[in-house]
Amino acid sequence: MTVDPGLDTNRIAAAARSILACPHEVQLVVDGIDDVSGGLEETGLEMQDHGGRPLLSCPADSALAVAATDRRGALLTLTSGLGADGSPDRDATLTLSGRLEAVGLEQCECCDEIRMRVSLQLDFVLLARASAPEDAPEGTRVRVPLGAFASHEHELNRGFLQRSTEHANLCHQDELRRAVSAMTQTRLGEVVGVHLTELSAEGVVLQWVDLTGAHSAELRFPHPAGSAHELGDLLRSELHAGLC
């Protein structure tokens, strides 16, 4: 399959990177291994977007770690986690093929387990409609140019922003409540809950509920974020140092 020269490759690459950053389900098939999930039952398969390259984490003695050391071929299939359940944004799959590579070892901060970081060196990326039958026409499957897919331009993609928002809302309620308390001069105990929305490189909308009702405020960053790291710094600066 070749890349259609008439396609907007930048838009296609942005959509593909968004799914890589925000998958709903992750499936991995490795050459020569019947069950690559062996050894992953408790911790599962952890994956993140590392500059347009899938980066996996697994126990150092797992089948996946051995496969990475052997640089075996692999196929990674992701279903879209963008938007709400049942939305049209979920009707997409991203298929990535390449060769596994052991990047290095790391120690888990919470349990001292030694884990291996595994990268997938890509040779093919395919974006498709999840609902399309196997005999669907070629128009339902689009090959994504690797250069565009890995472009720094897509680092702050829609999927990354969605996952970052979900993480902040789920894991950092205490920090968000303290930020609202300080910003509004409201007692911390009176701030019932806080919700981030509309996160972008330029700013974020903060919504909260206190004893007087529901409120919202748009926070604009001093300058647009140019990277994921810079976005995190700007969020911490505007809201709370404990955010990550």
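The values are calculated or read from the model by the stated rules, or taken from the named source; none is laboratory data. None of the values given here were measured: they were computed from a predicted structure. Ideal geometry is used to build each Cβ from the backbone, glycine not excepted, and the neighbour counts take in all protein chains shown. These accessible areas exclude ligands, DNA and RNA; they are computed on the full protein's heavy atoms, side chains included. Shrake-Rupley method; radii C 1.70, N 1.55, O 1.52, S 1.80 Å.
Please verify whether Arg163 is within 15 Å of the chain's Cα centre (by Cα) and either surrounded by fewer than 19 Cβ atoms within 10 Å (Cβ to Cβ) or not in a loop (DSSP other than H, G, I, E, B) (or both), treating the condition exactly as stated. Full working, then the answer.
Numbers: within 15 Å of the chain's Cα centre (by Cα): yes; either surrounded by fewer than 19 Cβ atoms within 10 Å (Cβ to Cβ) or not in a loop (DSSP other than H, G, I, E, B) (or both): yes.
Answer is yes for this residue.
Please pick out the residue among Leu75, Leu100 that is in a strand (DSSP E or B), of a type in the set (A, V, I, L, M) and open to solvent by 40 Å² or more (accessible area, probe 1.4 Å). Explain how you work it out, then say what you get.
Numbers: Leu100 fails: open to solvent by 40 Å² or more (accessible area, probe 1.4 Å).
When all the criteria are applied, what remains is Leu75.
If you take the residues in the stretch 172-196 that are without any contact (Cβ under 8 Å) to a residue 40 or more places away in the chain and open to solvent by 70 Å² or more (accessible area, probe 1.4 Å), which one is nearest to His240 (Cα to Cα)? Step through it out loud before you land on a result.
In the first step, residues of the stretch 172-196 are kept if they are without any contact (Cβ under 8 Å) to a residue 40 or more places away in the chain; the result is 173, 177, 180-196.
Still in the list and also open to solvent by 70 Å² or more (accessible area, probe 1.4 Å): 183, 185, 187, 189, 192, 195.
Working: Met183: 11, Gln185: 15, Arg187: 16, Gly189: 17, Val192: 17, His195: 14 Å.
Top of the filtered list is Met183.
Filtering the stretch 202-240 down to residues that are of a type in the set (Asp, Glu) and touching a residue at least 24 places away in the same chain (Cβ under 8 Å), which residue is nearest to Asp49 (Cα to Cα)? Walk me through it before giving the result.
Of all residues in the stretch 202-240, those of a type in the set (Asp, Glu) come to 202, 210, 218, 230, 233, 238.
Cutting the leftovers down to touching a residue at least 24 places away in the same chain (Cβ under 8 Å) gives us 210, 238.
Details: Asp210: 36, Glu238: 25 Å.
Applying the filter and picking the extreme gives Glu238.
Which of the following residues is outside any strand (DSSP E or B), modelled with pLDDT under 95 and closer than 14 Å to Gln27 by Cα: Leu64, Leu56? Even if it seems obvious, please write down each step before you answer.
Working: Leu56 fails: outside any strand (DSSP E or B).
Exactly one residue qualifies, and that residue is Leu64.
Can you find a residue that is under 17 Å from Arg143 (Cα atoms), at pLDDT 90 or above and of a type in the set (Asp, Glu) anywhere in the stretch 77-99?
Keep residues of the stretch 77-99 that are under 17 Å from Arg143 (Cα atoms), which gives 77-80, 91-98.
Restricting the remaining residues to those that are at pLDDT 90 or above gives 77-80, 91-98.
With of a type in the set (Asp, Glu) added as a condition, the list becomes 91.
There is at least one residue in the stretch 77-99 that is under 17 Å from Arg143 (Cα atoms), at pLDDT 90 or above and of a type in the set (Asp, Glu).
Suppose we filter the stretch 234-243 for residues that are more than 13 Å from Val204 (Cα to Cα) and either open to solvent by 20 Å² or more (accessible area, probe 1.4 Å) or at pLDDT 90 or above (or both); how many remain?
Residues of the stretch 234-243 that are more than 13 Å from Val204 (Cα to Cα), as a first pass: 240-243.
After this cut, where a residue has to be either open to solvent by 20 Å² or more (accessible area, probe 1.4 Å) or at pLDDT 90 or above (or both) as well, the list is 240-242.
Of the residues in that region, 3 qualify.
Determine which single condition Ser119 fails, assuming it passes every other condition in (1) modelled with pLDDT under 85; (2) of a type in the set (Ser, Thr, Tyr); (3) assigned to a strand (DSSP E or B).
(1)
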